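What follows is a set of notes on a single structure, which appears directly below.
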Ligand SMILES: Nc1ncnc2c1ncn2[C@@H]1O[C@H](COP(=O)(O)OP(=O)(O)OP(=O)(O)O)[C@@H](O)[C@H]1O
Ligand SMILES: [Mg+2]
């Protein structure tokens, strides 16, 4: 099993888009694998992509908040999607308030890592909100690798360093395993991606280009075209 968390403190850099299409790329490359996508963002864009036609009651009942508050076991809230091998644990806008009430529970972060590792999936991909909050810590602490989308702005680089600090903190408290972090250039043109390479950061080789077609696919809840899915497949191979 590999657990991948997508995190950045900058909003709108393509975290959710990367979470979604990395999951689909892994499913396409490794058709026998089972993939779980987890929404830890109260803005629930990942949930909206996969479950936009599902009833609110189902989404509420299976939401990650039910697990975090101890109402349900994690395996009982795993929800099917229209993709045979892709499952989701959804979130609702209530997650943020729930998480604030839970912040004192330090054991939860450790338990979440353990509970995910007991599930029967090949890949778990976690989408997180762009803030230093419990949800971000839960996702990062549970992961094997953190992918951090970075666009072309010095503020994004600064935000990346803060994510790096969370990873370092988690690694200090982990007895088994080590969390890696890999910045991924997203929504950039080829020219700008070269500029980013001049920085003292080792990026993933793959970069996700700025593309209207990617934007409209994700906004409409559709899969990518062959041409665009290649980028996510390359990234999937890189982190395998
Ligand atoms: N490669 C891309 N090229 C152009 N537009 C993109 C690309 N990826 C995502 N977008 C668009 O950018 C917007 C933000 O993307 P996304 O929701 O994935 O970012 P995010 O980092 O998850 O945002 P938030 O911080 O609000 O959760 C969306 O409207 C999406 O359609
Ligand atoms: Mg998002």
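The values are calculated or read from the model by the stated rules, or taken from the named source; none is laboratory data. Keep in mind it's a predicted model, so treat the numbers as computed, not measured. Glycine also receives a Cβ, built like all others from the backbone with ideal geometry; neighbour counts cover every protein chain displayed.
Details
- Screening residue 205 with (1) assigned to a helix (DSSP H, G or I); (2) under 17 Å from residue 146 (Cα atoms) gives one miss only, at (1).
- Residues that are away from ligand 2 (no atom under 16 Å from the Cβ) and under 13 Å from the mean Cα position of the chain (by Cα), drawn from the stretch 1-23: 2, 3
- No other residue among 196, 174 is within 24 Å of residue 143 (Cα to Cα) and modelled with pLDDT under 95 apart from 174.
- Restricting the stretch 33-49 to residues that are away from ligand 2 (no atom under 13 Å from the Cβ) and either free of Cβ contacts under 8 Å to residues at least 60 places away in the same chain or closer than 25 Å to residue 137 by Cβ (or both), the residue that is surrounded by the fewest Cβ atoms within 10 Å (Cβ to Cβ) is 35.
- Per the listing 76, 96, the residue uniquely part of a helix (DSSP H, G or I), without any contact (Cβ under 8 Å) to a residue 60 or more places away in the chain and within 15 Å of ligand 2 (Cβ to nearest atom) is 96.
- Considering the stretch 121-133, and only residues there that are more than 12 Å from ligand 2 (Cβ to nearest atom) and crowded, with 23+ Cβ neighbours inside 10 Å, the residue that is farthest from residue 109 (Cα to Cα) turns out to be 123.
- Check on residue 11, in a loop (DSSP other than H, G, I, E, B), surrounded by fewer than 16 Cβ atoms within 10 Å (Cβ to Cβ) and within 16 Å of ligand 1 (Cβ to nearest atom): yes
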